[in-house]
Amino acid sequence: MKYITLFALAFLSFAVQAERLKDITSVQGVRDNQLFGYGLVIGLNGTGDSTAFTDQSFASMLSRFGVTLPQGVNATSKNVAAVSLTASLPAFSKPGQKIDVTVSSIGNASALRGGTLLLSTLKGADGAVYAIAQGNLVVGGLGANGADGSRTSSNIPTVGRIPNGASVERSVPSSFNVGDTLTFNLNRPDFTTAKQVSDKINNLLGPGVATTLDATSIRVSAPRDPSQRVTFLSILENLEVDVAAERARIVVNSRTGTIIIGQHVKVSPAAITHGSLTVTINETPPVVGQDGELTGGETIISPREGLEISPNSGHMFVFDPGASLNDIVRAVNQVGAAPGDVMAILEGLKQAGAINADLVVI
């Protein structure tokens, strides 16, 4: 039984359960936008760059302030680093609001701790400037170099953040207030869940208000007035909807040996040769009367499962109808099989068509 700790086995229960609409959907057109930029971090304690593009950027910055370097003199400083800037612009952000900025070294700087980002622009995919960033970096990593060339580091000292480090300069147009409808997109597409959402809204607001477009989208008629539309959406997003059970799925993490098995995973009759293990799982449905006797009354089939394990007596796994993957994995685990053995068995069953489930390896 000591081998049971070799891997974690979790069984996901996907029973029907109610979830808020805002937790399982997003509103079409309401999303974040990614921003990107380039800048210089100064004030480093000798941990900056020594690259040509950093020197060129530093020289360009000095020239904008009226500083002209003598001919043949390079603008080189180990206290300066070239960095890339990334940020996420939330939906409905307005000019003057603040957003966080992530700063990452793109040269050979060894650390950004203690640095200050100079004024830099953040652009969207269309090339337009949507925010301006500047400020002091917060760096969680730590690096140290020894005189003999040795070095050590903790976490990542070449990436930092500037909380509220960028000011929004331009709003992103949204389709939220356009048209007579709103569209909800399910985070996990499912035909049954889409129908449940549509039925829930129609039961509240009347027939025909919501229509399903496909397994992902539900279109809902909405008022045009922005204030009424916000109120309308606040009511809908708090509705509790019965979410359909997920597809039968097995998730295997090949690095950690973790195996996640869905509730609806079943095994068809199959036999697999694997080492010296023999596992036989069967289901015997005895027929008994309601009063416990075979005479008189209505008969009832009462399934009775049996499990037999013989670690050294054979070379075959025998899986009879009615056996669940829970039984098989538990049986193999009890005889001391390694995580790799279980994964090999699951993969073999999938390839043989004995498992009607998605096998996902991560």
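None of the figures in this text is laboratory data; all of them are computed from the coordinates on show. No experiment lies behind these values; they were computed from the predicted model shown. When we count neighbours, we look across all protein chains shown, and the Cβ atoms used for this are built from the backbone with ideal geometry, even at glycine.
Which far-off residues, 5 or more places away or on another chain, put their amide H under 5 Å from the one on Tyr38, with H placed in the peptide plane?
The list, which skips near neighbours in sequence, is Leu85, Thr121.
For q values of 0.16, 0.18, 0.20 Å⁻¹, compute log₁₀ I(q)/I(0) with the Debye formula on a Cα-only model of segment 177-243, without solvent.
-0.49, -0.62, -0.76
Using a cut-off of 24 Å between alpha-carbon atoms, which lysines can reach Lys78, once sequence neighbours fewer than 8 places away in the same chain are excluded?
In chain and number order, there are no partners.
Just want the ordering: Asp49, Asp23, from fewest to most Cβ atoms lying within 10 Å of their own Cβ.
Asp23, Asp49
Could you tell me which of the pairs Lys22/Lys123; Lys94/Lys123; Lys94/Lys200 are separated by over 23 angstrom between their Cα atoms in the structure shown?
Over 23 Å apart, Cα to Cα: Lys22/Lys123; Lys94/Lys200.
With a point put 7 Å past each Cα toward its Cβ, work out how far Asn108 is from Val360 in nm, to one decimal.
4.2
Per residue of segment 84-95, in order, report the coupling 6.51 cos²θ - 1.76 cosθ + 1.60 (Karplus, θ = phi - 60°) as ³J(HN,Hα) in whole Hz, putting x for Gly and Pro.
Per residue, the Karplus-derived 3J(HN,Hα) values read 9, 10, 10, 7, 10, 8, x, 4, 6, 5, 10, x Hz.
May I ask you to evaluate 6.51 cos²θ - 1.76 cosθ + 1.60, the Karplus curve with θ = phi - 60°, for each residue of segment 205-215 and list the ³J(HN,Hα) values in order in whole Hz, giving x for glycine and proline?
Result, ordered by residue: 10, x, x, x, 5, 10, 9, 8, 8, 6, 6 Hz.
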